[in-house]
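Worksheet: the structure to be examined is printed underneath.
The values are calculated or read from the model by the stated rules, or taken from the named source; none is laboratory data. The shown structure was predicted, so the numbers you read here are calculated from the model rather than taken from an experiment. Methodologically, a virtual Cβ is constructed for each residue, glycine included, from the backbone with ideal geometry; neighbour enumeration extends over all protein chains shown. Quick note on the areas: whole protein, heavy atoms, side chains included, nothing else; ligands and nucleic acids left out. Shrake-Rupley method; radii C 1.70, N 1.55, O 1.52, S 1.80 Å.
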Amino acid sequence: ESPLAVAMPTAIKIEGRSPDARFPFVNDVYEPMQVQHNGMSAFVARGVAPRYLFHTGKGRWVISKVMDDGYKCWAFVKAGDSQSPEQCNDPWTFCDNDNQWRPDPKIRCTAVPASNDMFVQLRMTLDADMRKYGLVEATDLKKLWRRLDFNGNNVVSLAEIDKLVVEMTRDGVWPEWLNSKPALMRAYKKTTLKDGDGDDWVEKEEFHALLLNIFWFAKLWQVFSAIDSSQDRRIDRNEFVAGMSALGLKMTPAEAAQEFQKIDTDNGGMILFVELCAYIRNRVNPDDNAAFDADILGGEHCDTAPYNKLVQQHAAHAHKGSGGHQFATRDLDFGAMAAQSGGGGYPKASFGASTGGLKRTRQETLRTCGDGATLDHHVRPKAMKDFDELEAKIKATAKDPTQLKAMWRVLDFNGNNVVSLAEIDKWVVEQYPLLNHKPALMRCYKQTMERKDEFVHRKEFKKLIVNLFYFNKLFWIFDQCDGDDRRIDVQEFRMVLSLCGVSVPNVEAEFRKLDKNGGGQILFDEFCHYFCARACPEGMTELVDDGFDRSKYDGTEQVLAMASHKKGAHW
């Protein structure tokens with residue numbers, strides 16, 4: 001299937017925003033998309049970045065990072081009865097540096113012909129591709145970010161990004177052509193240096209741009225590879241002429257020589273991938289900052305490139321006197337440091353020091369300081385690293401009778417050698433907040449009870465803690481992929497399997513086996529039985545299917561009813 005689409009007739013050009021003003025990047029040509037938003041035409045910036053121009057459905061045209069209700073945007077204009085933004089008579093309004101919204105009379109919004117350039121059309125396929133693979137909606141991006149940000153500190157390195165791409169392509173969630181190291185390096189550099197703030201990490205706010213860049217440069221690498229017939233990662237003049245002709249760009253020998261000379265900026269007689277990227281960027285968006293393309297990939301002049309100098313100066317100024325970059329190490333636990341920090345991991349005076357070193361009880365602290373006592377507290381999202389660390393501790397505990405007895409005494413506080421669901425729930429909330437997922441607790445509780453008398457007995461305790469951990473880990477993974485409806489479709493099922501490390505030759509066929517009623521959805525309870533049958537971890541070998549058909553239920557309520565038997569659930 002050709003990635004090139006047929007252009008629609010009209011694009012929108014936004015210009016006039018001062019480089020010194022806030023959000024100057026809105027100056028761009030916005031090409032028409034093949035999807036509508038709120039029943040109106042929608043446009044996307046030619047520059048490969050998440051910037052959209054669309055109608056909110058409530059009387060405004062806006063320019064924003066995502067196509068949603070337009071509540072958070074960079075600029076807007078009153079739509080009136082207009083069918084396209086260039087028909088609006090009112091000035092565009094921007095949020096200035098002082099966070100005040102003001103009209104900008106310098107902004108010009110005009111209709112221009114949509115481009116038929118093959119590389120512009122290649123750029124226009126990106127959003128459709130990302131929508132196809134579930135990389136557009138905020139909930140999908142949030143789930144994928146949690147997977148990528150393994151240790152939950154809101155920044156990721158190039159190695160982590162590479163690991164994600166390898167796993168997603170290996171498991172068939174993403175197409176194989178996305179796994180290209182030269183393209184990934186280029187995407188990473190553009191995201192951090194141009195779309196980001198110039199540091200060495202991709203932050204959460206830069207994630208959408210990273211994904212867009214991964215798809216874009218992977219497509220460009222396909223183009224480069226198609227032209228590079230010798231596969232030596234260099235394009236000579238003959239390959240360039242033949243390759244451009246094969247791509248549909250007909251040139252005379254003189255025109256080809258002229259274009260080749262434009263691309264071969266170092267006059268080496270060869271075109272490198274970074275040079276082809278610069279050439280295509282200039283064709284797609286000639287008004288963009290050309291200095292960015294000056295060999296940021298690490299060529300011999302990378303340190304002297306104008307854009308790199310600008311980034312280095314900016315970084316040096318931003319972090320001067322700050323005690324080093326806030327992300328100088330990937331091993332810092334920013335969640336644990338938050339109570340001692342003023343944000344971003346920087347140490348600040350502790351509460352004890354500010355009060356003369358006096359220790360206070362929690363009640364005294366709250367009574368004296370009010371909500372200021374928790375001003376610097378930070379709740380870090382759960383991450384896979386947390387489960388891995390807890391798994392090692394639980395495995396060690398399960399093999400130590402002394403530790404098991406101590407834990408049982410805490411759980412069985414009244415010493416009657418049985419514990420109820422309510423007691424287990426209270427113990428989990430207080431001792432293991434990482435495992436506080438009620439659907440997983442219900443599944444664990446039901447599976448652990450051997451006597452079916454509504455209580456977990458002392459001899460079942462080891463089984464309880466192992467089941468408790470693995471069911472919660474399964475539920476957390478399930479919850480990252482289910483779109484907040486506690487059901488997963490086939491694409492989400494593929495993602496869950498990838499997270500669990502389970503390899504399945506035919507995911508669709510495996511999904512159909514589980515989807516007994518053909519509704520296109522799998523419940524958590526059904527997935528538990530499937531996973532334990534295929535990849536049962538150590539400690540859960542006794543987990544077997546009890547034969548109950550859960551396809552008609554949502555899982556949680558039914559398990560609760562089955563666990564309660566005579567007296568009702570102990571909540």
For this session: For segment 170-257, state which trypsin sites (Lys or Arg not before Pro) are in a DSSP loop and have at most 13 other beta carbons lying within 10 Å of their beta carbon.
Result: ARG233, LYS250
For this session: Provide Rg and Dmax in Å for segment 371-518, with only Cα atoms included in the calculation.
Result: 17.9, 55
Exercise. Which ³J(HN,Hα) values, rounded to whole Hz and listed in residue order, are derived for segment 192-208 from phi using the Karplus coefficients 6.51, -1.76 and 1.60 in 6.51 cos²θ - 1.76 cosθ + 1.60 with θ = phi - 60°, glycine and proline given as x?
Worked result: 6, 8, 9, 7, x, 9, x, 8, 9, 10, 9, 9, 4, 5, 9, 5, 4
Exercise. How many angstrom lie between the C-alpha centres of segment 413-451 and segment 8-48?
Worked result: 54 Å
Problem set entry | In segment 80-124, trypsin sites (Lys or Arg not before Pro) in a DSSP loop with at most 15 other beta-carbon atoms within 10 Å | LYS106
Exercise. To the nearest 0.05, what FRET efficiency results for GLN491 and ASN267 with a Förster distance of 35 Å applied to their C-beta separation?
Worked result: 0.15
Seminar exercise, completed: The Cα extents of segment 91-133 along the principal axes, largest first and rounded to whole Å, are 38, 28, 13
For this session: For segment 95-227, list log₁₀ I(q)/I(0) at each q in 0.20 Å⁻¹, using the Debye formula over Cα point scatterers of equal strength and ignoring solvent, two decimals each.
Result: -1.21
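On average over all directions, what projected area in square nanometres does segment 189-286 have, based on the convex hull of its Cα atoms?
On the way: hull surface 28.4 nm².
The number I arrive at for segment 189-286 is 7.1 nm².
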Seminar exercise, completed: Once phi for every residue in segment 456-466 is put through the Karplus expression 6.51 cos²θ - 1.76 cosθ + 1.60 (θ = phi - 60°), the whole-Hz ³J(HN,Hα) values, with Gly and Pro written as x, are 9, 8, 4, 5, 9, 5, 4, 5, 4, 5, 5
Exercise. How far apart, in nm, are two points set 7 Å out from the Cα along the Cα-to-Cβ line at GLU15 and at GLN431?
Worked result: 7.0 nm
For this session: For each pair in LYS143/LYS462; LYS219/LYS385; LYS106/LYS190; LYS163/LYS473; LYS163/LYS219, compute the distance between the two Cα atoms and list the pairs where it is over 26 Å.
Result: LYS143/LYS462; LYS219/LYS385; LYS106/LYS190
Exercise. Using a 1.4 Å probe, what is the accessible area per residue for segment 1-112, in Å²?
Worked result: 52 Å²
For this session: Using θ = phi - 60° and the Karplus relation 6.51 cos²θ - 1.76 cosθ + 1.60, list the HN-Hα couplings for segment 154-169 in order, rounded to whole Hz, with x at every Gly or Pro.
Result: 6, 9, 10, 9, 4, 5, 5, 5, 4, 4, 4, 4, 4, 5, 5, 6
Exercise. Any idea what Rg and Dmax come out to for segment 237-290 if you just take the C-alpha atoms, in Å?
Worked result: 11.1, 30
Problem set entry | Separation in nanometres of the label points that stand 7 Å from Cα toward Cβ, at ALA422 and ALA226 | 6.8 nm
Seminar exercise, completed: Quick shape check on segment 63-138: root eigenvalues a ≥ b ≥ c of the Cα gyration tensor, a/c under 1.5 is rounded, otherwise prolate if a/b tops b/c, else oblate, and it reads oblate
For this session: Evaluate the distance, in nm, between pseudo-label points positioned 7 Å from the Cα of ARG451 and of ARG234 along their respective Cα→Cβ axes.
Result: 8.0 nm
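Hand me the chymotrypsin sites (Phe, Trp or Tyr not before Pro) from segment 394-455 located in a DSSP loop with no more than 15 other Cβ atoms within 10 Å, in residue order please.
Numbers: sites: TRP408, PHE413, TRP427, TYR445, PHE455; in loops: PHE413, PHE455.
Loop-located and lightly packed - PHE413.
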Problem set entry | Cut-off under 5 Å, modelled amide H: who pairs with VAL44 long-range | GLU31, MET33, LEU53
